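This report concerns only the one structure given below.
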Amino acid sequence: MKEKKQHIDEEKRRVAAVRLVKSYTSAASVYVANIVDEEQPEWTPPEDPEADVETDDEDAAAAAADGDTGGEADDGAPGLQDYSAKLLRYVAASPGQEFMTQLELRRPKPAEEDAAAEGGQQPQQVPVTYRILDEHMPLLEVDFLWDVAQALGKALDAAAAARKADAARGGSAEVVSGLAAAIAELRKAAAPAEALPEVGEDPAAAEQEEGTELSPADLIVQREAEVQHIEQRIAAGQVAANNAAAALTLEVNVLEAVVQSITSVRGAAIHALKLFSSSPPATQHVLRAVLLLLGRDPAALSSWREVSGQLHVGTFDDLAAYDATQARDAVLWKRVRAAYKAVQRPRDLEKELPQCGLGALLLQWLKQVRCVARKAAALREANAALAGAREALGKKEQQLEEAKEAKTKADEAEAAAAAAAEAEAAAAEAAEAEEGGEEAAEQ
């Protein structure tokens with residue numbers, strides 16, 4: 001609450017300062033800028049041979065961040081700041097000049113100046129505002145404006161007290177714990193997976209090992225055994241597909257619960273994020289990961305201003321409509337995981353947005369989307385195996401029918417051959433008997 005109050009007070013003072021300067025001076029336009037440090041480049045995970053191996057324990061907090069005790073450089077002049085590494089981020093402007101709040105003023109880089117000099121061009125001049133800062137030039141005494149702005153902020157505190165109380169009653173801890181309870185109920189109500197029926201050894205292996213041609217009768221026995229084995233595979237495959245479908249349904253229901261929690265805090269989240277004049281690091285990493293997954297241009301997500309500027313009601317609608325069951329793009333997911341795994345202390349997400357816990361909810365959404373995608377892939381694999389077994393059954397049944405037809409033809413051929421041999425034997429016997437009769441008549 002203390003942090004939120006500070007952000008609200010800062011916003012009030014910026015607006016009040018713009019109005020007062022505009023009212024009591026002849027300035028055509030008025031801007032307010034924060035003097036801030038350059039944002040650090042996007043965190044890139046170190047090379048790891050197991051970097052692409054996904055685990056189920058990613059919800060655990062990572063190691064503590066490195067201790068970095070940075071500070072202003074001491075240039076030997078007590079009381080004077082070093083602005084050489086600073087930039088100006090505009091946060092408020094007079095009516096009609098709101099576009100300035102999307103801009104940042106930077107110094108020309110030394111490399112750019114050197115390149116211009118080598119090319120015979122006039123180097124870019126340092127903006128006059130930086131000259132004022134560097135030379136510590138007093139231009140205008142505006143203490144009275146600051147005092148009036150503070151007074152105005154205090155006067156508006158009473159009007160904001162009710163809104164603060166509402167935000168306190170619906171804090172992040174309540175939202176996150178409520179979601180955890182809902183997910184626990186969903187998992188508790190889910191039916192256990194059905195045991196897979198046993199599948200015997202493949203009888204085709206014996207035929208392949210022997211490498212001998214079977215008789216028609218033996219071949220029919222072999223084909224019948226193979227058909228029975230494939231039917232066992234189909235029965236087991238059907239159970240496996242049913243289990244995969246049930247597991248997917250459960251994870252989709254959990255994802256819907258996460259989306260509902262996110263939707264319930266989107267108004268408070270959008271308002272709270274507008275109060276940040278500088279980047280909340282953990283929240284920025286998670287927001288960037290979400291926007292990348294939703295198909296936003298990575299080049300347009302390099303700064304906090306760009307990331308927060310894309311968070312609006314439409315973004316929440318896109319998040320709710322995202323199809324987590326679709327096949328995953330490996331390249332995109334590698335980029336997404338690198339973004340959200342940069343959050344080394346997940347608890348910082350709740351600390352940065354105590355009003356709503358949006359960062360923590362979005363991180364859970366990302367991981368649940370990944371879980372749903374994996375379950376969907378498992379279901380597709382189970383269905384493919386089942387379809388393959390059914391196709392194999394059709395072929396094997398056809399081979400069985402062919403074996404039966406071959407045996408029938410072989411039996412018919414054998415019977416015909418036997419009949420022919422019997423007829424031939426009878427004819428030979430008759431001929432022999434006739435020849436014996438003739439000899440007897442001659443005698």
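The figures follow:
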quantity: Filter pass, residue 181 being at pLDDT below 85 and aliphatic (A, V, I, L, M); calculated: no
quantity: Number of positions in region 282-304 that are of a type in the set (Ser, Thr, Tyr) and crowded, with 24+ Cβ neighbours inside 10 Å; calculated: 1
quantity: Residue ranges of helices (runs of 4 or more DSSP H) in region 212-311 with at least 3 members of a type in the set (A, V, I, L, M, F, W, C) and under 30 Å from residue 400 (Cα atoms); calculated: 216-264
quantity: Subset of region 312-336 (residues that are in contact (Cβ under 8 Å) with a residue 60 or more places away in the chain, open to solvent by less than 70 Å² (accessible area, probe 1.4 Å) and in a helix (DSSP H, G or I)); calculated: 319, 320
quantity: Filter result (small (Gly, Ala, Ser) and touching a Leu at 6+ places or on another chain (Cβ under 8 Å)) within region 248-267; calculated: 257, 261
quantity: Candidate set: region 227-280, residues that are at pLDDT 90 or above, farther than 30 Å from residue 201 by Cβ and of a type in the set (Gly, Ala, Ser); chosen: the one most open to solvent (accessible area, probe 1.4 Å); calculated: 264
quantity: Qualifying residue in region 369-389 (condition: without any contact (Cβ under 8 Å) to a residue 24 or more places away in the chain, of a type in the set (S, T, N, Q), open to solvent by 60 Å² or more (accessible area, probe 1.4 Å) and within 28 Å of residue 232 (Cβ to Cβ)); calculated: no
quantity: Leading residue by the ranking (nearest to residue 98 (Cα to Cα)) among those in region 294-306 that are in contact (Cβ under 8 Å) with a residue 24 or more places away in the chain and among the hydrophobic types (A, V, I, L, M, F, W, C); calculated: 304
quantity: Count - residues of region 337-360 that are in a loop (DSSP other than H, G, I, E, B), within 12 Å of residue 286 (Cα to Cα) and hydrophobic (A, V, I, L, M, F, W, C); calculated: 2
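The values are calculated or read from the model by the stated rules, or taken from the named source; none is laboratory data. The model shown is predicted, which means the values in this text are computed figures rather than measured ones. All Cβ positions, even for glycine, are placed from backbone atoms using ideal geometry, and neighbour counts span all protein chains on display. Heavy atoms of the whole protein, side chains included, go into the accessibility calculation; ligands, DNA and RNA do not. Shrake-Rupley method; radii C 1.70, N 1.55, O 1.52, S 1.80 Å.
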